[in-house]
1. Quick one: 3J(HN,Hα) in Hz for the range 151-159, Karplus 6.51/-1.76/1.60 with θ = phi - 60°, rounded, Gly and Pro as x.
2. With θ taken as phi - 60° and the coefficients 6.51, -1.76 and 1.60, list the Karplus ³J(HN,Hα) couplings across the range 114-122 in order, rounded to whole Hz; mark glycine and proline as x.
3. For a quick check of understanding: with a 1.4 angstrom probe and all protein chains in place, what accessible area in square angstrom does LYS221 have, to the nearest ten?
4. With the crude spin-label approximation of a point 7 Å out along Cα→Cβ, what separation in nm comes out for ALA113 versus LEU327?
5. For the peptides 40-46, 335-341, 195-201, what is the packing order when you average, over each peptide's residues, the other Cβ atoms within 10 Å and list the highest mean first?
6. Of LYS135/LYS231; LYS137/LYS231; LYS82/LYS231; LYS137/LYS221; LYS135/LYS254, which pairs sit farther than 29 Å apart, going by alpha carbon to alpha carbon?
Amino acid sequence: MTTKTDTTHPPTASRPNALVPDRQNPWAGLILSTVIAFVALLLGRQMPLVGGPVFGILLGIVVRNVFSPGARYEAGIRFASKYVLQWSIIALGFGLSLSQVAHTGLESLAVTAVTVTAAGLSAWALGRALGVGGKLKLLIGIGTAICGGSAIAAVTPIIKPDDHETAFAISTIFLFNIAAVVLFPMLGHLLHLSDLGFGMWAGTAINDTSSVVAAGYSYSKTAGDYATIVKLTRATLIIPICLALAAIVAYRAKRAGAANFSLARIFPWFILGFLVASGARTAGFVPAELQPWIHDAAEFLIIVALTAIGLSSNLRRMASTGLRPILLGLGVWAAVSVSSLAVQLAMGQL
């Protein structure tokens, strides 16, 4: 196992946050990331509750810490973890019709606003109490509040956490996705929730889309349909959160007197690509027969990117973090779940 972690993920602040490749030859590392990602995709299709992205990051960690890929792979791994990640977020936009979710978004706005606030406050308070680092705390909070791994992937190019922090955040979110699939339907029946009430709860309190779908449709078809649309609406919050984070990063850089500060280097240009893609889908410019192919391509690009992040992760540093991030994830997840039910109860929606 190598301990030279700095060379696999050097600082990139001097390069613009644009969708352009690394100047070094990326092919070896990109091919390695793609091959591992393909294996992860197949495993994810066999075990959808785990999913390809989680398999990708886990396999990447194993390969990095057991086989220690050499320096010739580093440029391609950097390329995939940064640029392929941005492309995957743009591709996701083609699967989100803004007009389709507008009505449900208004219905779920109050619940979503409260759960996102609860996630942010609990992540901040518990993170401080547990001594969890700022970027890891932010990743877990945003992942729980919005849409799990996709939200973490979207903010990663902006806040630039260490790769082991990204891997740990996604792994933590995954644990509670699996728990939610098992526990939510049982608790829903125990609480005698209506189909729409359970759909709202699942859509606002479970992180990953696949877990929302699994929990929702195990309760009822109506609950599954409603939960899925609520979840898609919740995913649109990626846009304002990314823009807000970019503004905060830019402000801090300017205040610190960074000599080479430029807003263009901080601004998440891939979010504009996401908006254009969503607008194209909403306007009907994307043929219906192409949408499943685009969705599959976006899924695979995310797996490639997260595999590369796994290939850049140091298992020893992750292990040294201990149980604190998991306890943080549990606390934030509990706060979101309880607040969702509380708001619905207060509004008479259950």
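The values are calculated or read from the model by the stated rules, or taken from the named source; none is laboratory data. Note that the coordinates shown come from a computational prediction; the quantities given were computed from them, not determined experimentally. Glycine gets a Cβ as well: all are built from the backbone with ideal geometry, and neighbour counts include every protein chain shown. Accessible surface areas use protein heavy atoms only, side chains included; no ligands, DNA or RNA. Shrake-Rupley method; radii C 1.70, N 1.55, O 1.52, S 1.80 Å.
1. So the Karplus estimates, Gly and Pro as x, are 5, 4, 4, 6, 8, 4, x, 8, 8 Hz.
2. Couplings: 5, 5, 5, 4, 4, 5, x, 5, 5 Hz.
3. Result for LYS221: roughly 140 Å² accessible.
4. Those two pseudo-labels are separated by 3.4 nm.
5. Top of the packing list down: 195-201, 335-341, 40-46.
6. LYS137/LYS221
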